[in-house]
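None of the figures in this text is laboratory data; all of them are computed from the coordinates on show. Keep in mind the model is a prediction, meaning the values are calculated, not measured. Counting neighbours? That spans all protein chains shown, and the Cβs are built from the backbone with ideal geometry, glycine included.
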Amino acid sequence: MTRSAPAAFSRAVFGYVASVAILFVLWEYFSRQAVVAMLFPSPQSTWHVAVKLWEEGRLATDIALSLRRIAIGFALGSAAGILLGVLMGSFRSARAFFDPYLQFFRFLPALAWIPAAMLWLGTGEASKIALLIYTTVFVVALNTMIGVASVGRNQVRAAQCFGATRWQIFRMVTIPSTVGHMLTGMRLAMGNCFSTIVAAELLAPKAGLGYLIFSSRTWMQTEFAFVGIAVLGVLGFIIDRVFHLTTTRVYARYLPTAYR
């Protein structure tokens, strides 16, 4: 670790703490300006509701169900996206065939497919996970395709000069050179999953953070919505940081310095 590393870490920590402190100050200020308190609950009242929901076991159940759905949809969508991206990046004919679908569907939000998902897959877990897969696969595929297509020709020629077969070039040159693009696509897709889970849990839900947020409007329980929003954001932040730190350590040799 260089001498500047501790200073950089301290600056990063200070930046995070200052940012969060400013957020809470503004939150408290605007909650006091609200004419009706229930329309904009304060941080204290939101915290008290969160503690109550946790003690009842409801918040833990909602978190577990939402994270389970996100994990399954993200994993399946990422796997499909990587396979599709590698195929499109490796073969021009595959790119020409699949590119219209990729470009078309990636501009359609998962929210637009909720009625169709309900009709085709029902209102159970399958429809929710299908929406999460949908919002993941195209982002990962696009980034993977760009990574495979941008592998330097000099790298390929160098491997050919050493007698490498096409499979060896693919395994030892193409895939390692594409890791950074794959991980970038997966991080972006993970954000999509956290955004989509709220809409996905509108499909006749029984529990989940999305259900907690939207069910609060029935009885004007705004604190419940704020709890769900805050928890979802914090979980997304934590999981993104864990994913980034883990992948940069595991795949450090394949990643450019800018990614790390």
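Side notes on the structure shown:
- On the beta carbon distance between Gln103 and Ser45, with R0 = 35 Å, the FRET formula returns roughly 0.15.
- One chain, two ends: Val234 and Thr248. Fully extended at 0.36 nm per residue, the span grows by 2.9 nm beyond their Cα-Cα distance.
- The relative contact order of region 38-254, computed from alpha carbon pairs under 8 Å that lie at least 6 residues apart in sequence, is 29 percent.
- A Förster distance of 30 Å, applied to the separation of the beta-carbon atoms of Ala149 and Leu23, puts the FRET efficiency at 0.15.
- Measuring nothing but how far apart in sequence close Cα pairs (under 8 Å, 6+ apart) lie, relative to its length, region 1-146 scores a relative contact order of 28 percent.
- Taking each residue as 0.36 nm, the span from Gln33 to Leu76 lengthens on full extension beyond its C-alpha to C-alpha distance by 10.9 nm.
- Listed residue (Pro115, Val20, Leu212) projecting farthest to the positive dipole end of the chain, Cβ model: Val20
- Around Ala207: net Lys/Arg minus Asp/Glu count, Cβ-Cβ under 13 Å: +1
- Net charge over other residues, Cβ less than 15 angstrom from the Cβ of Trp54 (K, R count +1; D, E count -1): -2
- With K and R counted +1 and D and E -1, the other residues having a Cβ less than 12 Å from that of Thr196 yield a net charge of +1.
- Degrees separating the helix 222-250 axis from the principal Cα axis of the chain, which is the longest one: 30
- Relative exposure of Thr46, Thr144, Thr246, Thr196, judged by other C-beta atoms within 10 Å (fewest first): Thr246, Thr46, Thr196, Thr144
- Between amide H atoms placed 1.01 Å from N, distances below 5 Å from Gly208 occur with Asp62, all of them 5 or more places distant or on a separate chain.
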